[in-house]
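The values are calculated or read from the model by the stated rules, or taken from the named source; none is laboratory data. This is a predicted model, so every value here is computed, not measured. Quick reminder, even Gly has a Cβ in these numbers, built from the backbone with ideal geometry, and neighbours come from all protein chains shown. The accessibility values were calculated without ligands, DNA or RNA, using every heavy atom of the protein model including side chains. Shrake-Rupley method; radii C 1.70, N 1.55, O 1.52, S 1.80 Å.
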Amino acid sequence: MAPTREQAWETLTRYTKSESLLRHALAVEASTAAYARKLGADEELWRVAALLHDFDYEIHPTLDKHPQDGAPILRDEGYPEEVIEAVLSHAEHLGMPRDTPLKRTLFACDELSGFVHACGLVRPTGLDGLEPKSVKKKLKQPSFAAGVHRDEVYAGAEGLGIELDDHIRNVIEALQPIAPELGLRTAETAGTS
Ligand SMILES: [Fe+2]
Ligand SMILES: [Fe+2]
């Protein structure tokens, strides 16, 4: 049976309570789903992989456990190998080949979704009016969202075979519809909070 988005959300929220981690999962899900639609891929399956990619981070917060010790849990819960492999392949330290569009997309969306989200949080209008140019400028400031690995952002776009500007624009557009869920202001709500 193909897993559903609902099932992945249920698994995720059973292991993850932190609001920021849940928001990260939602952001990566939205970006990955946007690429699934663009590429005509299985959007539901890609959503599942994206939601689950950090599902075990709260219980396995170190790289000697995350995400590899999460994989048996996902297997027990009946997720297909395609999802489990994609989840494992987002981790640079495991050195797995990113040999499918899902793996390349998930990797490309992981760090950049977090970074674009961070850019939106410091702007009064959130993601509205945010241009790739200013995201790239912030990427060059090591102190801004210091936890985001810049090399992975650049490698992600390269893996997708698209320009960084286009990738950034795609991610911004993917996150805009879920801005409220991500705790972001919008042009409409600017000044009201
Ligand atoms: Fe991770
Ligand atoms: Fe992540």
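Surface composition of the chain: carbon plus sulfur atoms contribute 53% of the solvent-accessible area (1.4 Å probe, protein chains only, all chains present). Only protein heavy atoms count here; under a 1.4 Å probe, Phe55 has an accessible surface of about 0 Å². Between Lys65 and Ser20, the simple label model (points 7 Å from Cα in the Cβ direction) yields a spacing of 1.9 nm. Percent of C-alpha pairs per 10 Å bin in the chain, short distances first: 10, 38, 37, 14, 1. Think of the chain as a dipole: +1 on every Lys or Arg Cβ, -1 on every Asp or Glu Cβ, centred on the Cα centre; then among Thr105, Val87, Trp46, Thr105 lies furthest on the positive end.
Here is how the number arises for the chain: DSSP H runs of 4 or more residues each give -39500 (n - 2.57), the sum is divided by the residue count, and the result at 222 nm is -17500 deg cm²/dmol.
The label point for Thr13 and the one for Glu181, both projected 7 Å from the Cα toward the Cβ, are 1.1 nm apart. Under a Gaussian network description of the chain, with springs only between Cα atoms under 10 Å, the residue in Leu52, Leu164, Leu63 that fluctuates furthest is Leu63. Once the chain from Glu77 to Asp99 is taken as fully extended at 0.36 nm per residue, the excess over their C-alpha distance is 5.5 nm. Within the shell of other residues whose beta carbon sits under 15 angstrom from the beta carbon of Pro61, the net charge comes to -3, with Lys and Arg scored +1 and Asp and Glu -1.
Bridgeable aspartates and glutamates around Lys133 (alpha carbons under 15 Å apart, same-chain partners fewer than 8 residues away excluded): Glu163, Asp165, Asp166, Glu173. Using C-alpha pairs under 8 Å with a sequence gap of at least 6, the mean separation divided by the residue count of the stretch 38-121 gives a relative contact order of 25 percent. Solvent exposure of the stretch 37-193, expressed per residue, is 48 Å² of accessible area, with all protein chains present and a 1.4 angstrom probe. Projecting each Cα onto the charge dipole of the stretch 23-162 (Lys/Arg +1, Asp/Glu -1 at the beta carbon, about the Cα centre), which of Gly120, Val28, Pro72 comes out farthest on the positive side? Positive-most Cα among the choices belongs to Gly120. For the chain, modelled as a GNM whose springs connect Cα atoms under 10 angstrom apart, the maximal fluctuation among Val122, Val87, Val148 occurs at Val122.
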